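Enquirer: Here it is, the structure, as structure tokens.
The values are calculated or read from the model by the stated rules, or taken from the named source; none is laboratory data. Predicted model, so just to flag it, every value in this text is computed and none were measured. As a convention, Cβ positions derive from the backbone with ideal geometry for all residues, glycine included, and neighbour counts pool all protein chains shown.
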Amino acid sequence: MKGSKKILDFTFAKYRELCDNIVESEYTPLSVEKYLTLKDKPEHFIIMRHDVDSEPEYALKMARLENELGITSSYYFRYLDGLFRIDIIKAIAKLGHEIGYHYEVLNKAEGDYNQAIDIFKNELNEFRQFYDVKTIAQHGSPLRGSLAAISISGMYAIVKSLLRDKDVFTPWSSRDLWKKYNFKDFGIIGEAYLSIDFNEILYLSDTGRSWNSTRYKLKDLVDISNGLHDQIKVKHTDDIIKMIKKRDISAICILVHANQWKDNFREWLKWLMLQYIRNAGKLALKGYWKIKKQN
């Protein structure tokens, strides 16, 4: 509406605006499982996916909003203390959303494939004690062990390890596990990075607050060969809203990390500053990997 107050990007209010526009559009929102099992897909659809990397309380709030608007999404949870919150997972499932397994088993196994597949089976069984998981999505952290750049103290720990000449980066991606094994042997029908044809579906991820730009993405990448993503530039959430209104793209996959979307200005500003530092670190890491390959 002309003259209406502009909503800050990456706020919960902006996500509500995005969802409102999806509901009012000709696009049908689909979970990953629904997309993979639906024989006759709608002419226009949006695959809605969430990776719960931290602060699962934000995921529950987002799930409630989507349920209120009639949207069904996929929520991928990591199997870690503080994140594998059975109460929150059950609450989100009760709202009608799909629960998926956000696996990082090659990281946990330090690259040992045999150990990694055992971890995968055990953790998947833990999920299936209360939810029949059908789809999975790798967690793409480039950091070893418990290291995580989601706070100033976390980034300090990374720098401290680097100064001690410790190897803090992982040279593998957990989805490489499926070059040796087959996830279908475990009753899994699809992997969110591997089972969707992103040459046909526009992939948009809020990683690094950069949407479809790969500048700040390290492992949150998909296989694309047709140049579709190079032709379409999406910097802000408003760009996605405009795209939905125009219906130029028939199929879209949106990956949203709920903890990126804050509901008060103080938290929003704090996360923005932290994200600038994180993104600078990612660029430095890309440079480090490039030099290492050359040597």
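Enquirer: Within region 44-64, work out how many residues are at pLDDT 95 or above and outside any helix (DSSP H, G or I).
Expert: Selection size over region 44-64: 9.
Here is a yes/no grid of residues against (1) under 19 Å from the mean Cα position of the chain (by Cα); (2) modelled with pLDDT under 95:
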{"site": "D223", "(1), (2)": "yes, yes"}
{"site": "G227", "(1), (2)": "no, yes"}
{"site": "H236", "(1), (2)": "yes, yes"}
{"site": "D248", "(1), (2)": "no, yes"}
{"site": "I252", "(1), (2)": "yes, no"}
{"site": "R266", "(1), (2)": "no, yes"}
{"site": "I277", "(1), (2)": "no, yes"}
{"site": "L285", "(1), (2)": "no, yes"}
{"site": "Y288", "(1), (2)": "no, yes"}
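Enquirer: Being modelled with pLDDT of 95 or more, of a type in the set (G, A, S) and more than 20 Å from P29 (Cβ to Cβ) is the requirement here; does A93 meet it?
Expert: So A93 fails the test.
Enquirer: What number of residues in region 35-60 are under 12 Å from Y75 (Cα atoms), out of contact with any His (no Cβ under 8 Å at 6 or more places or on another chain) and not hydrophobic (A, V, I, L, M, F, W, C)?
Expert: Residues in region 35-60 being under 12 Å from Y75 (Cα atoms), out of contact with any His (no Cβ under 8 Å at 6 or more places or on another chain) and not hydrophobic (A, V, I, L, M, F, W, C): 3 in total.
Enquirer: If you don't mind, there's one more thing I want to ask. Which pairs do you get when a residue that is surrounded by 15 or more Cβ atoms within 10 Å (Cβ to Cβ), found in region 57-72, comes within reach of a residue that is among the aromatic types (F, W, Y) and not in a helix (DSSP H, G or I), reach meaning Cβ atoms under 6 angstrom, with the pair 6+ apart or on two chains?
Expert: A59/Y75
Enquirer: In region 77-129, how many are surrounded by fewer than 17 Cβ atoms within 10 Å (Cβ to Cβ), among the basic types (K, R) and within 21 Å of W178 (Cβ to Cβ)?
Expert: 2
Enquirer: Further question on the same structure: Going by what's in this entry, would A157 be described as under 30 Å from K270 (Cα atoms), surrounded by 15 or more Cβ atoms within 10 Å (Cβ to Cβ), touching a helix residue (DSSP H, G or I) at 6+ places or on another chain (Cβ under 6 Å) and at pLDDT below 85?
Expert: The answer is no for A157.
Enquirer: Here are the criteria: (1) at pLDDT 95 or above; (2) among the hydroxyl-bearing types (S, T, Y); (3) over 19 Å from E33 (Cβ atoms). Tell me which single one S73 does not satisfy.
Expert: (3)
Enquirer: Let me ask something additional. Those residues that are in contact with a helix residue (DSSP H, G or I) (Cβ under 8 Å, 6 or more places away or on another chain) and either surrounded by fewer than 18 Cβ atoms within 10 Å (Cβ to Cβ) or charged (D, E, K, R) (or both), I need them from region 29-53; list them, please.
Expert: Listed by number, the residues that qualify are K41, R49, D53.
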